[in-house]
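Beneath this line is the structure, given in structure tokens, with notes to follow.
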Amino acid sequence: MRDKLLEAKNLKKYYYVSKSFFSKEKIEIRAVDDLSLSLFASCTLAVVGESGCGKTTLAKIILKLIEPDSGEVTFSPLINNLRKDVQMVFQNPYNSLDPLMNIGDIILEPLIIHGISNARNRVIDLLKLVRLEADVRNRFPREFSGGERQRISLARALATEPKIIILDEPVSSLDVRIQEQILRLLKDLQLKLGLSFLFITHNFSVVKNFCDFSLVMYLGKIMEYCSSRDLFERPFHPYSESLLLASREKKTKLKADLPRFEKISGCIFNTRCPYTKDKCFKIEPKLEEKENNHLAYCHFPLKKSGV
Amino acid sequence: MNEILKIEGLSVSYFNREKAIPALRRINLSIKEGKVLSIVGESGCGKTTLAMSIARLLPVNAEILEGSIIFNGQDICRMSEKELEDIRGKQIGYIFQDPTAALNPVLSIGAQLIETIRNSLRLDKRQAHLEACRLLELVNIPDPTNYLKFYPHQLSGGLNQRVMIALALASKPKLLIADEPTSNLDVTIGAAILQLLLDLKVKLGLSIIFITHDLSLVSFLADETAVMLQGQLIEIQETQRLFNQPREMYTRELLNSSKFASLI
């Protein structure tokens, strides 16, 4: 059994927004609702879901950038300095790099903040690690393409020798050829440096080739939590099934869009589920282990194999 | 079958102070009525420049050097601004990549739709309102009268993209140009938009030019596929044949990347 680097238990984060500009009535939005997960050393956990399902809120809670309303995140003793050992790569490489700093300084900054010695040589090593030439140090972010910028973000994240990197949709704004390059690079780095990734994505395709475990999120809740292999071969939850279908065949069985503010009784997925029965509208299912290490939030898990 | 659009020997360059940067080099292609043509390539290969040329919406530092774009027997390259008004957004509809940026944030969906409809169809307000409802229904937005009151920021990306499609269809165009219409959207929403485009193609007999970097989208939608590399059209084939027997090495590489990054 591998070491558990991170464990989150029963995280909750609700936001309250006004119904309209003038109204005093507040609506509760459950960004993260009773969510638990664990991340093991040298493994990748995928967090999959549509936009607005709370993926990024989850990442922020883990990084302690925001406080959860309840629940806690515990790290293994291997991680003694959170800011140094847990790093993040953001979705948009165009606005996550300071346009006024050259590449050398961007990568140098975390090294100086954490007092790492021999910093200037380390910058060159880091650039080499992400397969960029050493002389890009004097250039500025605007001179680089999206894929190159994402490598620079990655070099910056790797600077402090982190154990965990949170990747928030690192490839979704890149085109497919660059996506492939970046994903292969990430995989190489994981093998070389023993990194753990928390990989946030809305695209199932990435999960198959890349992630060991998967967590499917919908409206702040876990719909399915299992190994990526199980998820692809036998998805239990109708939501996982439809995400798979959308990735694979560009078809969707889902009804309508993500409900935003409506109160839903029973299963929270019942407004979009293609297989609803009476029970789904009355009783909310629990996230249960349906099979060995395969958890699903559904009264009627799918039985057929694959999609 | 009739060709609705025919591009011949089209070259476009961008100019900066020192030099000319060629963006399109002698592009030849044509699209038949009621068919979907997909243009695939990496970012920077000139896909969007091509789409913008068809609309004559190129920025001021770009120039069409040679070639012709024949639409309905007329050459778009040689039209005056006045003549273009009749083409842009009327006979040719456009859908852009980022729907939230393409819609006017200070006007309601209804106001934008009704403005566009009255601009091209000469209807009174009440009729235009009904037409707006009909268009929203056409793009599968339920309860259209309610949605007409909303502003773009109140709607999700997927709904905004549907509104964009409705706007593009308002003037009953014959040709629709969709520039990466799904790449900013979630997979499930993107899939629904693709399905919608396919339905509309059949229902309205639209011709569609579909621009994307992702070959996996193409196989479900396009009759023909053109591959672009550095401003040149390197391969154009029937979509199924392109998938089975790509002629060019580059197409093969692109297919492999798409296979890696998506599940085809």
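Throughout, read-outs are computed from the coordinates displayed, never taken from laboratory work. Just so it is clear, the model here is predicted, and its values are computed rather than measured. Don't worry about glycine lacking a Cβ; one is built from the backbone with ideal geometry, like all the others, and counts go over all protein chains shown.
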Taking placed amide H atoms and a strict 5 Å upper bound, the residues 5 or more places from B:ALA23 or on another chain that come that close are B:VAL12, B:SER13, B:TYR14
Cα-based helix-to-principal-axis angle, B:157-169 vs chain B, degrees rounded to 10: 90
In degrees from 0 to 90, rounded to the nearest 10, what is the angle of the helix A:238-249 Cα long axis to the longest principal axis of chain A? 60
Projected onto the charge dipole of the stretch B:112-245 (unit charges on the beta-carbon of Lys, Arg, Asp and Glu, signs +1, +1, -1, -1), the Cα from B:PHE210, B:LEU200, B:PHE220 with the largest positive-side position is that of B:LEU200
Ranking A:VAL136, A:LEU195, A:PRO285 by how far each Cα lies towards the positive end of the charge dipole of chain A (+1 on Lys and Arg Cβ, -1 on Asp and Glu Cβ), the top one is A:PRO285
Computed for the protein assembly as shown: size of charge dipole around the Cα centre, +1 on C-beta of each Lys and Arg, -1 on C-beta of each Asp and Glu, debye to nearest 20, value 640
GluC sites (Glu not before Pro) restricted to the stretch A:115-191 and DSSP loop, no more than 16 other C-beta within 10 Å: A:GLU133
Inter-probe distance in nm under a simple model that places probes 7 Å from Cα toward Cβ, at A:ASP3 and B:LYS6: 7.0
Taking only the alpha carbons of the protein assembly as shown, the radius of gyration and the largest Cα-Cα distance, Dmax, both in angstrom, are 25.1, 74
Cα-centred dipole magnitude for chain B, charges only on beta-carbon of K, R (+1) and D, E (-1), debye, nearest 20: 400
Extension gain, A:ILE264 back to A:LEU65 (0.36 nm per residue minus Cα-Cα distance, nm): 68.7 nm
Exposed loop trypsin sites (Lys or Arg not before Pro) only (DSSP loop, at most 11 other Cβ atoms within 10 Å): please give the longest stretch of chain B free of them, not including the sites. B:150-264
Name the lysines eligible as straight-distance cross-link partners of A:LYS192: C-alpha to C-alpha under 26 Å, and not fewer than 8 places from it in the same chain. A:LYS4, A:LYS84, A:LYS128, A:LYS163, A:LYS208, B:LYS259
Ranked on Cβ counts within 10 Å of their own Cβ, fewest leading, B:ILE76, A:ILE200, B:ILE236, A:ILE66 go A:ILE66, B:ILE236, B:ILE76, A:ILE200
On average, how many beta carbons from a partner chain sit within 10 Å of the beta carbon of a residue in B:208-215? 2
Dipole of the protein assembly as shown [Lys/Arg +1, Asp/Glu -1 at C-beta], most positive-end residue of A:GLN179, A:ALA41, A:ILE27: A:ILE27
Other chains near A:196-207: what is the mean number of their Cβ atoms within 10 Å of each residue's Cβ? 3
Rounded to the nearest 10 degrees, the helix B:187-204 long axis (Cα) sits at an angle to the longest Cα principal axis of chain B of 80
Cα-centre dipole for chain A with unit charges at Cβ (Lys and Arg positive, Asp and Glu negative), debye to 20: 480
Scan chain A and report its longest stretch carrying no chymotrypsin sites (Phe, Trp or Tyr not before Pro) that are both in a DSSP loop and have at most 15 other Cβ atoms within 10 Å. A:95-260
Over all pairs of distinct alpha carbons, what does the Kirkwood formula give as the hydrodynamic radius of chain A, in Å? 20.6
Counting other Cβ atoms within 10 Å of each Cβ, which GluC sites (Glu not before Pro) in the stretch A:215-298 have at most 10 and sit in a DSSP loop? A:GLU262
Regarding chain B, what is the average projected area of its C-alpha convex hull, in nm²? 14.8
How big is D, in µm² s⁻¹, for the stretch A:81-162 by Stokes-Einstein at 4 °C and 1.567 mPa s if Rh is the Kirkwood radius over C-alpha pairs? 104
Within straight-line cross-link reach of B:LYS125, lysines at Cα separation under 22 Å, skipping those fewer than 8 residues along the same chain: B:LYS90, B:LYS149, B:LYS172
By per-residue mean of other Cβ atoms within 10 Å, what is the highest-first order of A:68-74, A:153-159? A:153-159, A:68-74
Can you give the alpha-carbon Rg of the stretch B:155-264 over 2.2 N^0.38 Å, where N counts its residues? 1.11
Do the sum for the protein assembly as shown: with -39,500 (n - 2.57) for every DSSP H run of n ≥ 4, divided by all residues, what is the mean residue ellipticity at 222 nm, to the nearest 500 deg cm²/dmol? -10000 deg cm²/dmol
Within the stretch A:28-99, trypsin sites (Lys or Arg not before Pro) in DSSP loop having at most 15 other beta-carbon neighbours inside 10 Å: A:LYS64
Name the lysines eligible as straight-distance cross-link partners of B:LYS47: C-alpha to C-alpha under 18 Å, and not fewer than 8 places from it in the same chain. B:LYS6
